[in-house]
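J.: One structure, as structure tokens, below. Some questions next.
Readers should treat all values here as calculations from the given coordinates under stated rules, not as data from a laboratory. Remember, it's a predicted structure, so these values are computed and weren't measured experimentally. Glycine also receives a Cβ, built like all others from the backbone with ideal geometry; neighbour counts cover every protein chain displayed.
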Amino acid sequence: MEKILIIEDEEKIARFIELELKYEGYDVEKAFNGREGLELASSQPFDLILLDIMLPELNGIEVLRRIRRVSDIPIILLTARDAVVDKVTGLDGGADDYITKPFAIEELLARIRVALRKRNNSNVMKGSSELSVGSLTLDPIRREVIVDENLIDLTKREFDLLQYLLENKNIVLSRETILQQIWGYDFAGDTNAVDVYIRYLRAKIEEPFGLKFIQTVRGVGYVIKDE
Ligand code: CA
């Protein structure tokens, strides 16, 4: 779940945005002044920050400058109507975008999606971290799996399992190793869970396409390899 920090001293506005973002499926934290916002931003990982400019204790432009010294997290400024100077200073200071209050929530949501997508794209370009086997590719940053140009819908557990198999392509993994890596050491269930999830994966990435990526190694476990 992507996590957004709202730094906004008008609590009613902050709460309204929070409700809308949560409804859209984002995780949200709020800060009501600049200092608190800066502390939160440097103590927890966020995917995006909504930053009001006129803030008590530390103004938004100063918060922006300080965050930019250490992070390139997407930041969207919330500015007052006609505060042209603020916008220019903000964009010069490294903000990704701004939106003028009062705004329609749909517009804010659209700008958030654009900023997050841009960030994801640039991450993909930075470290080509895609994993693949045959006609299947897995993008760990976008958390997307594509088989023969079809986007495949996987649960978190299925995705993590597939990613682990791909990271160890051509290496036979025992059920115990997979269980420890994907379910954690404390998982009390038996290794059947691995077989069950391998079946789920096969039903989504292999069977519809008549392809075979995951091989069963009798008595040992599984390996993913090119056909
Ligand atoms: Ca304000």
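J.: When the helices in the chain are scored as -39500 (n - 2.57) per DSSP H run of 4 or longer and the sum is shared across all residues, what 222 nm value do you end up with, to the nearest 500 deg cm²/dmol?
T.: Mean residue ellipticity, 222 nm, calculated: -12500 deg cm²/dmol.
J.: P(r) for the chain: what percent of alpha-carbon pairs falls in each 5 Å bin, starting at zero?
T.: Final binned percentages: 1, 6, 13, 15, 13, 10, 9, 9, 9, 7, 5, 2, 1, 0, 0.
J.: Provide the packing ranking of 38-47, 138-147, i.e. peptides ordered by the mean count of other C-beta atoms within 10 Å per residue, highest first.
T.: Working: 38-47: 14.7, 138-147: 17.7.
The densest-packed peptide leads the list: 138-147, 38-47.
J.: Another question, if that's okay. Which ordering of T79, T137, T177, T216 is given by a fewest-first count of other beta-carbon atoms within 10 Å?
T.: Values: T79 23, T137 15, T177 18, T216 12.
Ranked by crowding around the Cβ, least crowded first: T216, T137, T177, T79.
J.: Write out the chymotrypsin sites (Phe, Trp or Tyr not before Pro) in the stretch 139-196 meeting two conditions: DSSP loop, and at most 13 other Cβ atoms within 10 Å of their Cβ. Please list the in-between numbers first.
T.: Working: sites: F159, Y164, W183, Y185, F187; in loops: Y185, F187.
Those that pass, being in a loop and sparsely packed, are Y185, F187.
J.: Oh, and also: Nearest 5 is fine: what % of DSSP beta bridges in the chain come out antiparallel, could you say? Intermediate results must be reported in sequence, preceding the final value.
T.: Numbers: 16 of 33 bridges.
Expressed as a percentage, antiparallel bridges in the chain total about 50.
J.: Mean Kyte-Doolittle of at least 1.0 and a Cα length of 15 Å or more along the axis: which whole DSSP H helices of the chain meet both?
T.: Membrane-span-like by this criterion, though nothing is claimed about a membrane: none.
J.: Run the numbers for E24 and V172: contour at 0.36 nm per residue of separation, minus the present Cα-Cα distance, in nm.
T.: On the way: separation 148, 0.36 × 148 = 53.28 nm, distance 4.04 nm.
Using 0.36 nm per residue and subtracting the Cα-Cα distance, I get 49.2 nm.
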